[in-house]
Amino acid sequence: MPEYAFIGRSNVGKSSLINMLVNQHGLAKTSQRPGKTQLINHFLINEKWYIVDLPGYGYAKVSKTSREKWEKFIRAYITKRESLQCVFVLIDSRLEPQGIDIEFCYWLGEKQIPFSLIFTKADKQGMTTTQKNVAAFKKKLGEFFEEIPATFITSAEKGNGKDDVLNFIYEVNKDFVVPTDYKKF
């Protein structure tokens, strides 16, 4: 089945966004403490596709060894998973472009991994600030990419952007083809 991975810096609102998308508070565990997600978690949606909750990158109070281990298995998952249709990179809309987010997007581009951008926490400041930060991020990506990926502005608290993200997934799912070497166990 098609898979959609969600990743971003620690405390970007990934778990809250996932819970909002599926209308199920508490499915993905939320925490004020960065680094709560430490495994790759698959959530089956409507028996048709998966949301994949990946550990956050960047700040988390964990050892360097643990952080390197996470990075290795995240990158292996992203580059080797044939049913992965899109990586949703979550960006905090309150912030100007952060180097770690730009670098991760560049890495996805180098590996030719399809990705989209989800700007989170849009309810935490005015729309002018959100639009300014989104435009600055896209401009930064334009230095590397000819075409900017699909972009969504969301608020898990208010439900903004939910239909846009789900409609995008629905459209991608229409073209999903089971990988030819897939073996059912």
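A few comments on the model shown:
- Lone unmet requirement of (1) crowded, with 17+ Cβ neighbours inside 10 Å; (2) under 29 Å from ASN46 (Cβ atoms) for GLU171: (1)
- Qualifying residue in the range 61-82 (condition: touching a helix residue (DSSP H, G or I) at 6+ places or on another chain (Cβ under 7 Å), open to solvent by less than 20 Å² (accessible area, probe 1.4 Å) and in contact (Cβ under 8 Å) with a residue 12 or more places away in the chain): no
- Within the range 118-158, considering residues that are in a loop (DSSP other than H, G, I, E, B), in contact with a strand residue (DSSP E or B) (Cβ under 9 Å, 6 or more places away or on another chain) and more than 12 Å from GLY13 (Cβ to Cβ), the one most open to solvent (accessible area, probe 1.4 Å): ILE148
- The range 44-86: number of residues that are among the hydrophobic types (A, V, I, L, M, F, W, C), at pLDDT 75 or above and not in a strand (DSSP E or B): 5
- When residues of the range 125-138 are limited to those that are free of Cβ contacts under 8 Å to residues at least 24 places away in the same chain and not polar (S, T, N, Q), the one nearest to THR154 (Cα to Cα): MET127
- Residue pairs meeting the criteria (Cβ under 8 Å; at least 6 apart or on separate chains; first surrounded by fewer than 20 Cβ atoms within 10 Å (Cβ to Cβ), in the range 1-28; second of a type in the set (S, T, N, Q) and part of a helix (DSSP H, G or I)): PRO2/ASN173; HIS25/ASN19; GLY26/ASN19; LEU27/ASN19
- Residue check for LEU108: under 16 Å from the mean Cα position of the chain (by Cα) and either among the small types (Gly, Ala, Ser) or open to solvent by 40 Å² or more (accessible area, probe 1.4 Å) (or both): no
- Any chance LYS162 is at pLDDT 95 or above, touching an Asp or Glu at 6+ places or on another chain (Cβ under 7 Å) and either open to solvent by 70 Å² or more (accessible area, probe 1.4 Å) or charged (D, E, K, R) (or both): no
The values are calculated or read from the model by the stated rules, or taken from the named source; none is laboratory data. Since we're looking at a predicted model, the values are computed, not measured. Note that we place each Cβ from the backbone using ideal geometry, even for glycine, and neighbour counts take in every protein chain shown. Keep in mind that these areas ignore ligands, DNA and RNA; they rest on the heavy atoms of the full protein, side chains included. Shrake-Rupley method; radii C 1.70, N 1.55, O 1.52, S 1.80 Å.
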